[in-house]
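See structure below.
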Amino acid sequence: QESLARVPAGKALVLLDTCQSGAFAKLKTRGLEEKAALSRLVKSTGTATLMASADTQVALEGYRGHGLFTWTLLEALQGDGFGGDDRLTVNELAGYVEERLPEVSYEEFGYEQVPQRSLRGMSFPIGVR
């Protein structure tokens with residue numbers, strides 16, 4: 001998180017396809033004043049972290065040559081995650097993954113993998129058709 005905080009970007013998307021990746025959202029590395037300043041900054045920009053699983057779950061591998069989370073992201077980026085227009089936003093991507101990943105994981109493996117998200121600030125487009 002410290003390294004990511006030093007990236008001078010107005011918008012950032014972090015994708016974590018690892019077991020127990022939901023624990024990333026629970027890390028606390030900043031003081032209260034720093035958190036308040038960061039909060040004001042991200043309201044005008046945007047940071048998003050999408051994690052493959054809850055902090056106590058495994059992230060399933062071996063689905064069509066990818067981790068299941070990565071495969072679901074690829075489906076979304078190839079068109080399934082787009083809303084009514086030709087832009088894919090962070091919120092649309094997260095919503096697609098949150099709906100699709102548990103379905104596919106249960107159908108294919110009999111295990112419901114539940115992705116996590118941490119979105120701060122404004123949603124932003126990450127792809128176009």
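State which residue pairs qualify: first residue under 26 Å from Leu88 (Cβ atoms) and inside the range 1-16, second residue among the polar types (S, T, N, Q) in any location, beta carbons under 7 Å apart, and separation of 6 or more residues or different chains.
What qualifies is Gln1/Thr29; Gly10/Thr45; Lys11/Thr45; Ala12/Thr47; Val14/Thr49; Leu16/Thr49.
Cβ-Cβ distance below 6 Å, separation of 6 or more or different chains: which pairs start in the range 61-83 with a residue that is within 16 Å of Leu15 (Cβ to Cβ) and end on one that is open to solvent by 50 Å² or more (accessible area, probe 1.4 Å) and outside any helix (DSSP H, G or I)?
Gly67/Glu61; Trp71/Arg64
The rows are residues; the columns are (1) in contact with a Ser or Thr (Cβ under 9 Å, 6 or more places away or on another chain); (2) open to solvent by less than 50 Å² (accessible area, probe 1.4 Å); (3) at pLDDT 90 or above; (4) among the β-branched types (Val, Ile, Thr).
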{"site": "Ala23", "(1), (2), (3), (4)": "yes, yes, no, no"}
{"site": "Lys26", "(1), (2), (3), (4)": "no, no, no, no"}
{"site": "Lys35", "(1), (2), (3), (4)": "no, no, no, no"}
{"site": "Gly65", "(1), (2), (3), (4)": "no, no, no, no"}
{"site": "Gly79", "(1), (2), (3), (4)": "no, yes, yes, no"}
{"site": "Pro102", "(1), (2), (3), (4)": "no, yes, yes, no"}
{"site": "Pro125", "(1), (2), (3), (4)": "yes, no, yes, no"}
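I'd like the residue in the range 104-123 that is more than 13 Å from the chain's Cα centre (by Cα) and open to solvent by less than 50 Å² (accessible area, probe 1.4 Å) and, out of all such residues, is nearest to Asp17 (Cα to Cα).
Gln113
If you take the residues in the range 37-57 that are at pLDDT 85 or above and either among the charged types (D, E, K, R) or more than 16 Å from the chain's Cα centre (by Cα) (or both), which one is least open to solvent (accessible area, probe 1.4 Å)?
This residue is Asp55.
The values are calculated or read from the model by the stated rules, or taken from the named source; none is laboratory data. Note that the structure is a prediction, hence the values are computed from the model and not measured. As a convention, Cβ positions derive from the backbone with ideal geometry for all residues, glycine included, and neighbour counts pool all protein chains shown. All accessible areas refer to the heavy atoms of the entire protein, side chains included, with ligands and DNA or RNA removed. Shrake-Rupley method; radii C 1.70, N 1.55, O 1.52, S 1.80 Å.
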